[in-house]
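First the structure, in the form of structure tokens, and then the observations on it.
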Amino acid sequence: MQMKWKRTLALLLAVLLLGSSVPLAAGAEDGYKVGDTVVYGCYPQTRIKVSGMTEALDTQAVNWQSYGYYSGTGESDDGKMTAKSYMQYCDVTYGGQKYRGVKFSSYRPIGTGYTSSINHQQSNHYYTDTTYWFRYEPLRWRVFDPATGLMLCETIIDSQPYNNYMLASGEDEYGYTAYWGDADKTHYANNYSESSLRQWLNDEFYSTAFTKVQQDGILATTLDNSDYSPDCAAYGSASTTDKVFLLSYNDFLNPAYGFEANQTKDFAIQVQGSDYAKCQGLRTYRFNEYSDWWLRSPGVDSDSACGVTEEGWIGPAYSVNSTDVGIRPALRLNMGSEISESAQLRVTVTDLTVQYRSSGKLAPNVAADEGVQYTLAYSGFDSGIISVDENGSVTTRKAGTTTVTVTATDEYGNKAEAKCTVTVKYAWWQMLIRIFLFGWLWY
């Protein structure tokens, strides 16, 4: 089978490196160093398995939408693969937290040209005619270059093909079978500038993972999309300018990013996929739970691209219409501005003084991205002095001073806290009652 041959060739032709055990490097505008972690954006990740929660989510009003995933006749390169509606998703907010639901009537094949009989969803324990729920959670990024803001997502967050379409027809410049990325045969299947994966990164992923404020903090990056080897230069594509992209083969040979350009195997770049990625059909190797993930550089022929194997090797022979290879997005953040800070949830609250046997109300000030919902919770106070309900209303119980912790949680699971002091005092006439009418016994 061609897919299996590609995986084997990937190991034989693998170009290896040592890398992710990164040394710290100075020079970041905001104090970031190579290897530091930045939290930015949110994406569905962890599957909800709590009893009662899935049932509650199932009862929510939802608007199911098709992913438009491809499947075909069983041949990987006959050009007969088409987008279908067998797999759908919806987004809901419940209890102040955002979730994504996923369901499918047939399995997603391991390649866009195959049928559902060959898939990884079943081995990942996801089955047809069942709704699965995933919590939106913050994305974590590893800083590669503090000066330019280049960073790579720490985990595999999804599973998508490099290109949906592939047609074998004629020969290429090197005398090998030509694999085309469109029916009109205008570009090869591994042309990154025309790939469906590039479009997915800068459309579906970009709009799902980042708020408008966060999108403004992501810098446009001009990319070199040449092939990994000069011997395969015809497979390279024109440069592009993108907000989100994949790292290239040469990025992993750049010692400035903390890697060593000595082409050795690196266990440190092994990475596991999220629950959501596994539901999408990510291949997970049972002996180590790691998965393969894409690089953007074209590979050894016109139907292959580079990727990182589950064992930490870099190989140039992944079939581009494979749906079971993971996605680790890369981007550049404007590290010298306050954009990354303004995209984070913040809360402030002022102290409150209340007269005994009166009520008051805490008034937290929450800064969140436009359109992002959040909830507030109050905790940590002395219940013998006051009580605080879910709306921040304060009821006094006796004179005294206590501290209240206000926690804001947005729909993506981001949290921010602030503390304030609540003081309960007696009015002058209440003091008279306590002194002259034995109020300390009954009032």
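Any read-out appearing in this document is the output of simple, stated calculations on the displayed coordinates, not a laboratory observation. Everything numeric in this text was worked out from a predicted model, so none of it was measured. Note that each Cβ is placed from the backbone with ideal geometry, even for glycine, and that neighbours are counted across all protein chains shown.
When the range 345-442 is described by a simple charge dipole with +1 on each Lys and Arg Cβ and -1 on each Asp and Glu Cβ, the residue from V354, A377, T409 located farthest towards its positive end is V354. The residues neighbouring Y70, those whose beta-carbon lies less than 11 Å from its own, together hold a net charge of +3 under the Lys/Arg +1, Asp/Glu -1 convention. About the centre of its Cα atoms, the range 345-442 shows a dipole size close to 700 debye [charges on the beta carbon of Lys, Arg (+1) and Asp, Glu (-1) only; nearest 20 debye]. Given R0 = 30 Å, the distance between the Cβ atoms of S66 and S169 translates into a calculated FRET efficiency of 0.55. Across the cross-link table entries K49/K84; K80/K185; K84/K243, which are compared at the Cα atoms, the separations over 22 Å belong to K49/K84; K84/K243. Label separation (N365 vs K419): 2.1 nm, computed from points 7 Å beyond Cα along the C-beta direction. Here each label is just a point 7 Å from Cα along the line to Cβ, and for S387 and T222 those points are 6.6 nm apart. Here the dipole of the range 2-333 is about 1000 debye; that uses its Cα centre as origin and unit charges on the Cβ of Lys and Arg (positive) and Asp and Glu (negative). With helices as the sole contributors, the chain gives -2500 deg cm²/dmol at 222 nm; each DSSP H run of n ≥ 4 counts as -39500 (n - 2.57), and the sum is divided by every residue. The mean sequence separation of alpha-carbon pairs under 8 Å and at least six residues apart, normalised by the residue count of the chain, gives a relative contact order of 18 percent. Centroid-to-centroid, using Cα positions, the range 63-78 and the range 214-243 are 26 Å apart. For the chain, the spread of Cα positions along the three principal axes, ordered from largest to smallest, is 106, 52, 38 Å.
Taking the Cα centre of the range 343-398 as reference, the dipole from Cβ charges on Lys and Arg (+1) and Asp and Glu (-1) amounts to some 340 debye. Loop sites here are GluC sites (Glu not before Pro) outside DSSP states H, G, I, E and B with no more than 16 other Cβ atoms within 10 Å. The longest part of the chain free of them is 174-288.
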